[in-house]
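The values are calculated or read from the model by the stated rules, or taken from the named source; none is laboratory data. Keep in mind that this is a model prediction, so the values were computed, not measured. Cβ coordinates were reconstructed from backbone atoms using ideal geometry, including for glycine residues, and neighbour counts include every protein chain displayed. Ligands, DNA and RNA are stripped out before the accessible areas are found, and what is left, the full protein with its side chains, is counted by its heavy atoms. Shrake-Rupley method; radii C 1.70, N 1.55, O 1.52, S 1.80 Å.
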Amino acid sequence: MAKFIVTGGLGFIGSNLIEYLINLGHFVINIDNGSYSSNFYNVKDFKNNPNYRFYKSSIDSQTNIIKIIKRYNPKCIFNLAAETHVDRSIDSPSKFIKTNINGVYSLLETLVKFKKVKLIHISTDEVFGNIKSNLRADERTAYKPKNPYAATKAASDHLIRAYINTFKIKAIITNCCNNYGPRQNPEKLIPKIITNIFKKEKIQIYGKGQNSREWIHVLDHCKALYQVFKKGVNGETYNIGSNKNIKNIDLVKKIIFFARKRNFYSTKSKIIFIKDRPGHDLRYALNSNKISKKLKWVSKININNGLINTLEWYARNKKFYKFIKNKNFKSRLGKNR
Ligand SMILES: NC(=O)c1ccc[n+]([C@@H]2O[C@H](COP(=O)([O-])OP(=O)(O)OC[C@H]3O[C@@H](n4cnc5c(N)ncnc54)[C@H](O)[C@@H]3O)[C@@H](O)[C@H]2O)c1
């Protein structure tokens, strides 16, 4: 049994990672500041497990993080605490700078004092910016972030590399493609489509839906992160992807198809195209050969099976919606974004 800290564990990927680690028999401390995207429903299945602890704190409180590290002596911190929604980053970038840059800086300063503790920092494919069709970004591709969210994630990756080089901390960065699966806040694309279908509301798509994203099921991502912990080399970066891209319009049609088969769909949920968001990258795509060759990990969950499983999770867990905070977010980009 190992002890882990997972930051951002009341969120989508963090809560799935905690459950995965606990099921493997590990002890996990969740540190989350309870921001709008946190959801206590996400931890209901394991909150009473003796191998689980929760601390409400921001990652930028060095005093709190130091106390927790001293108390539990964890082997590794998976950092998933972040502001994550691109639309919100266009609306109010300052929160993104506070958590995604200053918060990571603070964690790094803490780790300089605890060099035995390994940091696995979860970053995104968005740092590479728009990737031309027929190309995929590998770990040596230059960063070209195009929106405030991506820019703050890129900044934190750079800071981490600087601390690895300058202060010899133990850290690994992972850049993952778009995740989907149970427990994701319905402000994000897939649960938003599913939620609109349940509410019999129209499905809004930016532009003409031609934007292409690579999708991975969250459980595949969690398995990759554990493999990075076990086999990853300190100082390295690993892309984590499924190698499967799909255009937003085709994704929406797929979800409607599966919803229809399960009688969740009503024709009231028509697709409508709305004005594109500023700076919307057309395509993200990762080359994940390094992790598959060096760490023997590949994504396994087929997108059709993963989407059906996700749709059914939201249908079974309507209570999840009751725990969502700040449901009435109004963006300066326009209504209902
Ligand atoms: N969701 C994706 O598709 C995806 C893809 C690649 C990378 N990532 C990265 O994975 C990580 C997790 O993403 P997610 O989709 O689970 O996000 P999420 O928004 O669902 O969860 C983020 C969690 O972090 C917490 N948090 C925010 N600021 C904090 C702070 N200062 N201190 C402590 N906790 C804080 C929130 O309360 C929330 O519970 C992020 O770093 C994100 O950039 C996400």
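For the reader, a short list of remarks on this structure follows.
- With all protein chains in place and ligands, DNA and RNA left out, the 1.4 Å accessible area ranks Asp32, Asp45 as Asp45, Asp32, largest first.
- Within the stretch 184-287: Cβ-based charge dipole about Cα centre, in debye rounded to nearest 20 (Lys, Arg +1; Asp, Glu -1): 620 debye
- Those residues of the stretch 141-156 whose amide nitrogen sits under 19 Å from the label point placed on Gln62, 7 Å along Cα→Cβ: 156
- Whole-Hz Karplus values for the stretch 133-149 come out as 4, 6, 10, 9, 6, 9, 5, 9, 5, 5, 6, 9, x, 10, 9, x, 4 Hz, taken residue by residue from phi with 6.51 cos²θ - 1.76 cosθ + 1.60 and θ = phi - 60°; glycine and proline positions read x.
- Estimated from the Cβ-Cβ distance and a Förster radius of 56 angstrom, the FRET efficiency linking Lys70 and Lys268 is about 0.50.
- Angle between the chain longest axis and helix 12-23 axis [Cα atoms, degrees, rounded to 10]: 60 degrees
- Amide H to amide H, with H built 1.01 Å from N, Phe54 comes under 5 Å of Asn30, counting only residues 5 or more places away or on other chains.
- Counting only Cβ charges, +1 for Lys and Arg and -1 for Asp and Glu, the dipole size of the chain around its Cα centre is about 660 debye.
- When the stretch 67-110 is described by a simple charge dipole with +1 on each Lys and Arg Cβ and -1 on each Asp and Glu Cβ, the residue from Leu107, Phe96, Tyr72 located farthest towards its positive end is Tyr72.
- For Lys67, a cut-off of 19 angstrom between C-alpha atoms picks up these aspartates and glutamates, skipping any fewer than 8 places away in its own chain: Asp32, Glu109.
- Computed from label points 7 Å out along Cα-Cβ, the spacing between Tyr36 and Lys290 is 3.4 nm.
- Here the stretch 1-128 is treated with +1 on each Lys and Arg Cβ and -1 on each Asp and Glu Cβ, and its dipole about the Cα centre works out to around 840 debye.
- Distance between the stretch 41-64 and the stretch 125-186 - C-alpha centres, whole angstrom: 25 Å
- Measuring between alpha carbons in the structure, the pairs from Lys199/Lys254; Lys115/Lys144; Lys115/Lys294; Lys153/Lys322; Lys132/Lys318 lying more than 28 angstrom apart are Lys115/Lys144; Lys153/Lys322; Lys132/Lys318.
- For the chain, the longest principal axis of the alpha carbon atoms and the long axis of helix 104-113 meet at an angle near 20°.
- Take every pair of alpha-carbon atoms less than 8 Å apart whose residues are at least six positions apart; their mean separation over the length of the chain yields a relative contact order of 19 percent.
- Sparse-neighbourhood loop sites, chymotrypsin sites (Phe, Trp or Tyr not before Pro) in the stretch 15-60 - DSSP loop, at most 16 other Cβ within 10 angstrom: Tyr36
- Partner aspartates and glutamates for Lys3 [C-alpha distance under 15 Å; skip if fewer than 8 residues away on the same chain]: Glu19
- Proximity of backbone amide H atoms, modeled 1.01 Å from N, is registered between Gly235 and Ala171, Ile172 at under 5 Å, excluding neighbours fewer than 5 places apart on the same chain.
- Loop-located chymotrypsin sites (Phe, Trp or Tyr not before Pro) in the stretch 248-333, at most 14 other Cβ atoms within 10 Å (DSSP): Phe329
- Farthest toward positive dipole pole in the chain [+1 Lys/Arg, -1 Asp/Glu at C-beta], among Tyr206, Val86, Thr124: Tyr206
- Annotation note: trypsin sites (Lys or Arg not before Pro) in the stretch 67-135 located in DSSP loop regions with a Cβ neighbour count of at most 13 within 10 Å are Lys115, Lys116, Lys132.
- The stretch 1-84, relative contact order [Cα under 8 Å, separation at least 6], %: 41 percent
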